[in-house]
Amino acid sequence: MGRLGNEGLVTNAQKRPLKKRKRNVQDGIKSADLDFYLSNSPSYLGTASFKSFKGLKIKLSKFSIVFLCRNHWIVFYCTSTSFEIFDPLGFLSIKKCLPESILSFINLHCTMKNIRASHQVQVQTSKLCGLFSIYYILLRDNGYSFKDIMNTFSRNLRKNDKLVLNFINKL
């Protein structure tokens with residue numbers, strides 16, 4: 001596990017220890033917060049920038065990466081049989097954030113796999129996308145399927161925000 005940046009993968013040994021921050025998570029979270037909450041995730045490789053995707057090939061059969069698109073966190077979760085894009089605002093909301101490097105990365109890692117993309121589950125004005133990302137990765141790592149996770153969400157988007165906040169507050 002580590003954090004992907006412009007320089008590549010940073011291992012845990014190279015990272016500073018993270019202290020739990022007393023912040024209002026409703027204000028959104030930063031990559032260090034994602035790293036903190038996902039530090040025990042077996043799939044989580046870290047956060048990535050657009051530049052990190054250029055020529056990036058991951059040779060693991062299972063991994064998750066969270067990337068930032070205009071102040072909005074999105075998850076790529078890959079298994080041996082599926083490539084999943086979890087965007088709490090709905091996958092089509094990021095079409096402006098898909099440079100060639102990310103499209104090439106998706107194409108490279110989804111060959112012969114089922115591709116799944118989420119529909120909107122988060123309030124448009126909410127800043128909880130990072131928390132939704134944590135929720136998704138932790139549930140996937142614990143054996144929940146894409147469909148199982150999507151079924152935990154309601155059509156009432158405000159109710160979904162509360163669901164995720166309650167989940168994070170119990171961590």
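Please treat every number below as a calculation from the coordinates, not as lab data. If you're wondering where the values come from, they're calculated on a predicted model, not measured in any experiment. Using ideal geometry, Cβ is built from the backbone for each residue, glycine included, and neighbour counts are taken over all protein chains shown.
When Ser145 is evaluated against the numbered criteria (1) small (Gly, Ala, Ser); (2) in contact (Cβ under 8 Å) with a residue 12 or more places away in the chain; (3) surrounded by fewer than 20 Cβ atoms within 10 Å (Cβ to Cβ), which criterion, by number, is the only one it fails?
(2)
Anything in region 129-165 that is basic (Lys, Arg) and in contact with a Phe, Trp or Tyr (Cβ under 7 Å, 6 or more places away or on another chain)? List them, or say none.
Answer for region 129-165, where residues must be basic (Lys, Arg) and in contact with a Phe, Trp or Tyr (Cβ under 7 Å, 6 or more places away or on another chain): just Arg140.
Quick one: count up the residues across region 68-81 that are in a strand (DSSP E or B) and under 17 Å from Pro42 (Cα atoms).
The number of residues fulfilling the criteria is 4.
Out of all the residues in region 121-135, which are within 13 Å of Ile74 (Cβ to Cβ) and without any contact (Cβ under 8 Å) to a residue 60 or more places away in the chain?
Matches in region 121-135: Val121, Gln122, Phe132.
Just one of (1) crowded, with 21+ Cβ neighbours inside 10 Å; (2) in a loop (DSSP other than H, G, I, E, B); (3) not acidic (Asp, Glu) trips up Ser39, so point out which.
Here Ser39 meets the rest and fails (1).
From Ile115, Ile134, Ile85, Ile65, which residue is assigned to a strand (DSSP E or B), under 16 Å from the mean Cα position of the chain (by Cα) and within 15 Å of Ser41 (Cβ to Cβ)?
Matching residue, one of Ile115, Ile134, Ile85, Ile65: Ile65.
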